[in-house]
1. Condition check: of a type in the set (A, V, I, L, M, F, W, C), over 22 Å from ALA253 (Cα atoms) and touching a Ser or Thr at 6+ places or on another chain (Cβ under 6 Å). Does ALA89 satisfy that?
2. What are the residues in region 7-53 that are over 19 Å from GLU138 (Cα atoms) and among the basic types (Lys, Arg), if any?
3. Looking only at region 171-191, filter to residues that are of a type outside the set (A, V, I, L, M, F, W, C) and buried (at least 18 other Cβ atoms within 10 Å of the Cβ); which one of those is farthest from LEU239 (Cα to Cα)?
4. Sort out for me the strands (runs of 3 or more DSSP E) sitting completely within region 227-336 that have 1 or more residues that are within 19 Å of THR162 (Cα to Cα) and in contact with a Cys (Cβ under 7 Å, 6 or more places away or on another chain).
5. Please go through (1) acidic (Asp, Glu); (2) assigned to a loop (DSSP other than H, G, I, E, B); (3) modelled with pLDDT of 95 or more for ASP146 and return the number of the only condition it doesn't satisfy.
6. Could you grab the pairs with beta carbons closer than 6 Å, sequence gap of 6+ or different chains, first residue in region 317-345 and more than 19 Å from SER279 (Cα to Cα), second one at pLDDT 85 or above?
7. Suppose we filter ASP66, ASP72 for residues that are exposed (fewer than 15 other Cβ atoms within 10 Å of the Cβ), of a type in the set (Asp, Glu) and in the same structural domain as ARG211 (by TED's automatic domain parsing); which single one remains?
Amino acid sequence: MPETAASRPAPRPITEVEVHDRAGFERDVVAAGEPAVLRGLVARWPAVAEAARSPAALVAYLARLDSGAPVDALLVPPAGGGRVFYNEAMDGFNYLRNRLPLAAVAEQVLRYAAFPAAPSVAVQSAPAESCVPGFTAEHPMPLLADGIAPRLWLGNRLMTPTHVDEWCNLACVVAGRRRFTLFPPAQVANLYVGPLDFAPTGAPMSLVDVRQPDLRRFPRFADALAAARVAELGPGDALYVPPLWWHNVESLADCNLLVNYWWHARTDRSGRSESGFDSLLLAILGVRGLPSATRAAWRALFEHYVFADPGAATEAVPPERHGVLAALSAEDAARVREVVAMRLRPGPAGPRS
């Protein structure tokens, strides 16, 4: 039988941190590499005030800002239990996808609140600048650099299963309540992750239902639960999710709105951020199928050149010869990308100089 919530130890609460400016946020939160709850961070936002009046007031406020641009909207039938997931055959997903203006989905949220068994609906990751262009100016985020744009997540009761993103993430609750269950990156082997290239929300996703985990089918998930962190956020609260921390998100009210910000934190000057997932896919193509001894040799190279102290790989090399291991400028990084793109083009097999 699946283990019940009552028989499991309660996950550890996510640490609450108080910050007042961007410098403090970067020093005390981002640099720490740990998730953090920031209570009341956006409590003064106009949309939070409208949501406090009523869901209808929030919907009317969004309608006034709505540009009419279509956004991605999901509908999970009542039989789906409010969980965005695969279909039973795992050859598709359990939701219908549509493109509608934000205000139209918001109206659906209001209507479905009266249903005894409502479908779950959600707008996910809608760029505020295109669908509600006045929102960004009215809702400043002083903890982040200019140019990091907000995205809107609007819907009723819904669960997005445990998944992973490669960016820093600041998630701010405007309306409703959200429960976040986070797992450290090292728990990946205990999460029973589904296909990397076929997932309901695009990001790799755990196959385990956090609400009712079947520990007979997924026994290692008990270890993941022991390492889990949890926080429940209300209007005005925010959560920082570090890159590659797995997170399960439950929307707990009939009307929920979250605004999030994604960005890459970098320590060099190379400009555009590369995708770690692209690197992972290339490593799977190039390394995973090699003999075990060769894979071990590559592990040593990756450890030395990618994961170890950056100075270790260049300590015997004159600074002017650090090459790709130097603190690259945007122009130098672009040249490296060109070389990689050229090497990925189909060509004759065999060593390349």
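The values are calculated or read from the model by the stated rules, or taken from the named source; none is laboratory data. What you see is a predicted model; the values in this text were computed from it and never measured. With ideal geometry, Cβ positions are generated from the backbone for all residues, glycine too; neighbour counts draw on all protein chains shown.
1. Details: of a type in the set (A, V, I, L, M, F, W, C): yes; over 22 Å from ALA253 (Cα atoms): yes; touching a Ser or Thr at 6+ places or on another chain (Cβ under 6 Å): no.
No; evaluated as a whole, the condition is false for this residue.
2. Answer for region 7-53, where residues must be over 19 Å from GLU138 (Cα atoms) and among the basic types (Lys, Arg): ARG8, ARG12, ARG27, ARG39.
3. We begin by selecting, within region 171-191, every residue of a type outside the set (A, V, I, L, M, F, W, C); these are 176-179, 181, 184-185, 187, 190.
In the following step, the residues that additionally are buried (at least 18 other Cβ atoms within 10 Å of the Cβ) were identified as 176, 178, 181, 187, 190.
On the way: GLY176: 15, ARG178: 10, THR181: 11, GLN187: 20, ASN190: 24 Å.
Looking at the filtered set, the residue picked out is ASN190.
4. Numbers: elements: 229-233, 238-241, 246-251, 256-263.
Here the list reads 238-241, 256-263.
5. Unmet for ASP146, out of (1) acidic (Asp, Glu); (2) assigned to a loop (DSSP other than H, G, I, E, B); (3) modelled with pLDDT of 95 or more: (3).
6. HIS322/THR314
7. On the way: ASP66 fails: exposed (fewer than 15 other Cβ atoms within 10 Å of the Cβ).
Sole residue among the options that is exposed (fewer than 15 other Cβ atoms within 10 Å of the Cβ), of a type in the set (Asp, Glu) and in the same structural domain as ARG211 (by TED's automatic domain parsing): ASP72.
Per-residue answers, yes or no, for (1) surrounded by 13 or more Cβ atoms within 10 Å (Cβ to Cβ); (2) of a type in the set (Gly, Ala, Ser):
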{"site": "HIS20", "(1), (2)": "no, no"}
{"site": "GLU26", "(1), (2)": "yes, no"}
{"site": "ALA32", "(1), (2)": "yes, yes"}
{"site": "ARG44", "(1), (2)": "no, no"}
{"site": "LEU58", "(1), (2)": "yes, no"}
{"site": "TYR61", "(1), (2)": "yes, no"}
